[in-house]
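**Q** Below is one structure. I have some questions about it.
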Amino acid sequence: MTDPRPRWDTDDLPQGEEKVAAVQGMFDAIAPRYDRLNRIISLRLDVRWRKRAVRDLALPAGSVVLDLASGTGDLCIDLAAGGIRPISVDLSFGMLSADRSGVPRVQADILRLPVPDASVDGVTCGFALRNLLDLPTFFTELGRVVRPGGRIALLDVSVPSNSVVRWGNDIYFGKVVPRIGALLSDGAAYRYLPKSVAYLPSPQAMLESLVDAGFDDAQHAQLSGGLTQLMVGTRR
């Protein structure tokens, strides 16, 4: 009998539709404890990173923003606190069921958004780029739905450029985080976390894709010594 569990414990991470199904199932499973684990694992730095993303989104109050791969609604809460009108969009029904933001929710594949062209003022996405099947397609979809002059802010994990920080990060996320995840939630899911960064292209490649998608001023920044990366841009 074939083992149905995602292949997070092998050297070869799942690809294609296998990856899509594995990631969706993983997030459905960890949704009930997702927020608690985020705070513990990030030592609450995730709160700071989201606030930075909302600040750098730099949209006026009343702007309509899609928060893609919204999870349990953390970014939506921060957006709403800043006067933004967020809409929570996620493929995982488990995550949407655990969403506590109180904003409108939509279950959808964020590579094929069910919204018209140039219909929103902005897009945010927190720590999900590495989970997507096709990043260039995602960036093109952002260019389709964001109006001219609209803004995007995209967060994800990163590989620190400093060798000492990278060494400590490898130990913490490669050894400590999976044990915390196994103790408090789903061990397989949190073995995925340190490996998932391998799905991400280089910052330069992602910026080039964003420019091709219509975000000519796309910029990249490393946060907290490179533990996290943030990309922002304006739709031409």
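The values are calculated or read from the model by the stated rules, or taken from the named source; none is laboratory data. In this text, all values refer to a predicted model and were calculated from it rather than measured experimentally. Positions of Cβ are backbone-derived with ideal geometry, glycine not excepted, and every protein chain shown enters the neighbour counts. What goes into the accessible areas is simple: the full protein's heavy atoms, side chains included, and nothing from ligands, DNA or RNA. Shrake-Rupley method; radii C 1.70, N 1.55, O 1.52, S 1.80 Å.
**Q** When you scan the range 224-233, how many residues do you find that are hydroxyl-bearing (Ser, Thr, Tyr) and either open to solvent by less than 40 Å² (accessible area, probe 1.4 Å) or touching a Gly at 6+ places or on another chain (Cβ under 6 Å) (or both)?
**A** Total meeting the criteria: 1.
**Q** Please determine whether any residue of the range 211-223 is assigned to a loop (DSSP other than H, G, I, E, B), more than 27 Å from residue 17 (Cβ to Cβ) and open to solvent by 50 Å² or more (accessible area, probe 1.4 Å).
**A** Taking the range 211-223 and keeping what is assigned to a loop (DSSP other than H, G, I, E, B), we get 213-218.
Add one more test, that the residue is more than 27 Å from residue 17 (Cβ to Cβ), and what stays is 214-218.
In the following step, the residues that additionally are open to solvent by 50 Å² or more (accessible area, probe 1.4 Å) were identified as 216-217.
Yes, the range 211-223 contains a residue that is assigned to a loop (DSSP other than H, G, I, E, B), more than 27 Å from residue 17 (Cβ to Cβ) and open to solvent by 50 Å² or more (accessible area, probe 1.4 Å).
**Q** Next up: Among the residues of the range 83-93, what is the count of those that are open to solvent by less than 50 Å² (accessible area, probe 1.4 Å) and more than 16 Å from the chain's Cα centre (by Cα)?
**A** Adding up the residues that qualify gives 2.
**Q** Then there's this: So, in the range 80-121, exactly how many residues are among the small types (Gly, Ala, Ser) and either on the phi > 0 side of the Ramachandran plot or in a loop (DSSP other than H, G, I, E, B) (or both)?
**A** At the first step, the residues of the range 80-121 found to be among the small types (Gly, Ala, Ser) are 80-83, 88, 92, 94, 97-98, 101-102, 108, 118-119.
This time we only want the ones that are either on the phi > 0 side of the Ramachandran plot or in a loop (DSSP other than H, G, I, E, B) (or both), so: 82-83, 92, 101-102, 108, 118-119.
Result for the range 80-121: 8.
**Q** Can residue 156 be described as part of a strand (DSSP E or B), within 23 Å of residue 46 (Cβ to Cβ), open to solvent by less than 60 Å² (accessible area, probe 1.4 Å) and among the acidic types (Asp, Glu)?
**A** Yes: the conditions hold for residue 156.
Results for (1) farther than 26 Å from residue 39 by Cα; (2) open to solvent by less than 50 Å² (accessible area, probe 1.4 Å); (3) modelled with pLDDT under 90, shown as yes or no for each residue.
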{"residue": "145", "(1), (2), (3)": "yes, yes, no"}
{"residue": "163", "(1), (2), (3)": "no, no, no"}
{"residue": "192", "(1), (2), (3)": "no, yes, yes"}
{"residue": "202", "(1), (2), (3)": "yes, no, no"}
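**Q** Which members of the range 14-29 meet the condition of being under 30 Å from residue 151 (Cβ atoms) and more than 15 Å from the chain's Cα centre (by Cα)?
**A** 19
**Q** Let me ask something else. Among the residues of the range 172-194, is there at least one that is of a type in the set (D, E, K, R) and touching a Leu at 6+ places or on another chain (Cβ under 8 Å)?
**A** Within the range 172-194 (the criterion being of a type in the set (D, E, K, R) and touching a Leu at 6+ places or on another chain (Cβ under 8 Å)), the answer is no, since none of the residues qualifies.
**Q** Continuing with this model, one more query. Cβ contacts < 9 Å: first residue in contact (Cβ under 8 Å) with a residue 12 or more places away in the chain, restricted to the range 39-61; second residue open to solvent by 80 Å² or more (accessible area, probe 1.4 Å) and polar (S, T, N, Q), any location; separation 6+ or different chain. Result?
**A** 56/219
**Q** Then there is this: Let me confirm something: among 150, 181, 187, which residue is closer than 26 Å to residue 208 by Cα, open to solvent by less than 20 Å² (accessible area, probe 1.4 Å) and within 22 Å of the chain's Cα centre (by Cα)?
**A** Working: 181 fails: closer than 26 Å to residue 208 by Cα; 187 fails: closer than 26 Å to residue 208 by Cα.
Exactly one residue qualifies, and that residue is 150.
**Q** Going by the structure shown, is residue 207 surrounded by fewer than 20 Cβ atoms within 10 Å (Cβ to Cβ), at pLDDT 95 or above and touching a helix residue (DSSP H, G or I) at 6+ places or on another chain (Cβ under 6 Å)? Talk me through it step by step, then tell me what you get.
**A** Details: surrounded by fewer than 20 Cβ atoms within 10 Å (Cβ to Cβ): yes; at pLDDT 95 or above: yes; touching a helix residue (DSSP H, G or I) at 6+ places or on another chain (Cβ under 6 Å): no.
Answer is no for this residue.
**Q** Can you report the number of residues in the range 180-193 which are touching a residue at least 12 places away in the same chain (Cβ under 8 Å), in a helix (DSSP H, G or I) and farther than 18 Å from residue 132 by Cβ?
**A** Qualifying residue count, the range 180-193: 6.
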